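**Q** The structure's right below; bear with me while I get my questions together.
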Amino acid sequence: MNKKIIVLISLLYSSISFANLYLNIGLVHKRGIDKGLVLKYELYSFDEVRGKEFIVLKMKNGIKLSLSANYVIDQGIYGPSDTIFMEAELLDGNGNKLTLPEEGHFIVKLGEQKVFSSDELTDQLIEITITPEIH
């Protein structure tokens, strides 16, 4: 009986002791920028990142953002690094790839906010805000 309790406690402890990486994401699509009339579509998400898997956010108007994030391995630090490498891809409503700064590859510290945008579409601006966090 005592062995079962010890095994149960150790399993619970090990499952809650991992540092899971989450991305707090904001996606804002503004239309009519040049005309003085601004229509905004906003989408916010808080997602866990697992391995090389991509997080995909799609707005009702077809704008699609794909993101992946991984810890940058630091040999001098025990445990998860505070530096995160992210890859992003932004597609318009027709599936065309939109240009992002740094070709969609970013390095961000945990807790820091990364803001970038794409103004490739006529009279439109897409703003992306990402904050990596651990829980």
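We did not get these values from a lab; they are worked out from the coordinates using the rules stated. All values reported here derive from a predicted model rather than from experimental measurement. Cβ sites come from the backbone with ideal geometry, for glycine too, and all protein chains shown count toward neighbours.
**Q** Just to check your reading of the model, which residue among LEU100, LEU57, LEU67, LEU90 is crowded, with 17+ Cβ neighbours inside 10 Å, within 19 Å of LEU43 (Cα to Cα) and in contact with a helix residue (DSSP H, G or I) (Cβ under 8 Å, 6 or more places away or on another chain)?
**A** Testing whether each residue is crowded, with 17+ Cβ neighbours inside 10 Å, within 19 Å of LEU43 (Cα to Cα) and in contact with a helix residue (DSSP H, G or I) (Cβ under 8 Å, 6 or more places away or on another chain) leaves just LEU90.
**Q** If you don't mind, another one. Name the single residue that is nearest to the chain's Cα centre (by Cα) among those in region 46-60 being within 16 Å of ILE126 (Cα to Cα) and not hydrophobic (A, V, I, L, M, F, W, C).
**A** Within region 46-60, the match that is nearest to the chain's Cα centre (by Cα) is LYS58.
**Q** A further question on this structure: Show the residue pairs meeting these rules: Cβ distance below 8 Å; 6+ apart or different chains; first residue within region 35-52 and closer than 25 Å to PHE85 by Cα; second residue not in a strand (DSSP E or B).
**A** Going by the 8 Å Cβ cut-off, the qualifying pairs are LEU43/MET59; GLU48/ASN20.
**Q** Here's another thing I want to ask about it. Search region 119-135 for residues being part of a strand (DSSP E or B) and within 17 Å of GLU42 (Cβ to Cβ), and hand back the single one that is farthest from the chain's Cα centre (by Cα).
**A** That would be GLN124.
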